[in-house]
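Quick notes on the structure that follows.
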Amino acid sequence: MKIMDFLSPLWDTAKSVLPLTAIMVIIQTVILRKPIEDLKDFVIGILITTIGLHLFLQGATRSLIPLGDSVGRNLHVLDNKWVIIVIGFVIGYFGTLVEPALRALALEVEELSAGAIPQTVLVHGVAAGFGAGLALGLYKIMENIPFLRLLVPILILIFILGFLTPEPYVSIAMDSASATTGPVNIPLNMAVAIGLASIIEGIDPLLSGFGIVGLTSLGAVISVMILGILTKF
């Protein structure tokens, strides 16, 4: 029974990995007519990917998500909105630093820019923007601010910054926003936000707890654009 309890979720993970792998193999071997260079390493890599993704999802489900929900539900005991906002920034900042997709993007940017845009600068810049977005999201929940009241000014600001930011920072900003929406940040931050919304009297968690991911991504866009503007000086 315990073996089946382990194999069933593992197979569910494999079912999400194998179709993508099969499509890529077909494109490589049938359409492009190119062989897989090292079949042994390829197979081992797929197995490691499947097992690693399974273990990560199980770990996140058992630890990060419940912990984030617990933190969100208990933040109200601080009875200080500004302390909660700072905590939100810290969680968003450090959660972004461990995102593998952002690390991969930063490495590519550093390589393509010949070191002009160091990966460390980009990662920490994105993390700061993401943390600011989460802090703003928690403030929105505590004050019960309608989402559009925050979204419209932010979009106007991004539009203005788009004209002031030199290339390629505008493009990097857009890609950085998507790179932050990874397997660590989203479950953790959603759990914190919904946990906080569920404990505040008169707040609907379904209405107030969602939209946080959008705010954090927009915060990352703004921070990278500001970073690009600062490079002028």
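Only the coordinates and a few stated rules stand behind these numbers; no lab work does. From a predicted model like this one, the values you see are computed outputs, not experimental measurements.
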Debye-sum result for the stretch 8-87 in log10 I(q)/I(0), which assumes one identical scatterer on each alpha carbon, at q = 0.13 Å⁻¹: -0.62
Could you go through the stretch 214-226 in sequence order and give the Karplus-derived ³J(HN,Hα) for each residue, using 6.51 cos²θ - 1.76 cosθ + 1.60 with θ = phi - 60°, rounded to whole Hz, and x for Gly and Pro? x, 5, 5, 5, 5, x, 5, 4, 5, 5, 5, 5, 5
Note to self: Kirkwood Rh of the stretch 106-233, Cα pairs, one decimal, Å, is 15.2
Compute for the chain: radius of gyration divided by Kirkwood radius, i.e. Rg/Rh, restricted to C-alpha atoms, rounded to two decimals. 1.04
Counting only helical runs of four or more DSSP H residues, what would the 222 nm mean residue ellipticity of the chain come to if each run contributes -39,500 (n - 2.57) and the total is spread over all its residues? -25500 deg cm²/dmol
Reciprocal of mean inverse Cα separation for the stretch 118-169 (Kirkwood radius, Å): 12.8
Those lysines that a straight Cα-Cα span of less than 18 Å connects to residue 81, excepting residues fewer than 8 apart in one chain: 140
From the P(r) of the stretch 23-140, could you give the percentage of C-alpha pairs in the tail past 24 Å? 54
